[in-house]
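**Student:** A single structure is presented below for examination.
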Amino acid sequence: MAVTQVLDTDSIDQWRTKTNTISTVLGDPASLTTTANNVVGAINELNNAQGTLASLSTTDKSNLVNAINEIKTDLDNTASADALSRPAIIAMA
């Protein structure tokens, strides 16, 4: 998608159209499901809620779903996962 730019040489109608396009693409802040009331705040809130990915003790630190799936795969591949003690499971993570 091309970047919409409002130029100082645009007519008032072009300015209106471009501003409406930007608003439509950005979305309605009232639809945010976070406690923030603007998009930047919402992104920051979600980023803070997920924590620091680099602090994960998994090999895959690209995102939380991949890290959880890595742990699940490790457990699935353990021959007797149901017989492992809780500390052993924690050590595997």
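The values are calculated or read from the model by the stated rules, or taken from the named source; none is laboratory data. Note that the coordinates shown come from a computational prediction; the quantities given were computed from them, not determined experimentally. Note that we place each Cβ from the backbone using ideal geometry, even for glycine, and neighbour counts take in every protein chain shown.
**Student:** Scan region 1-55 for residues that are part of a loop (DSSP other than H, G, I, E, B), modelled with pLDDT under 90 and not polar (S, T, N, Q) and jot them down.
**Tutor:** Scanning region 1-55 gives 1, 2, 3, 27, 28, 51.
**Student:** Between 18, 72, 61, which is surrounded by 13 or more Cβ atoms within 10 Å (Cβ to Cβ), free of Cβ contacts under 8 Å to residues at least 24 places away in the same chain, farther than 30 Å from residue 8 by Cα and among the basic types (Lys, Arg)?
**Tutor:** One residue alone meets the criteria, 61.
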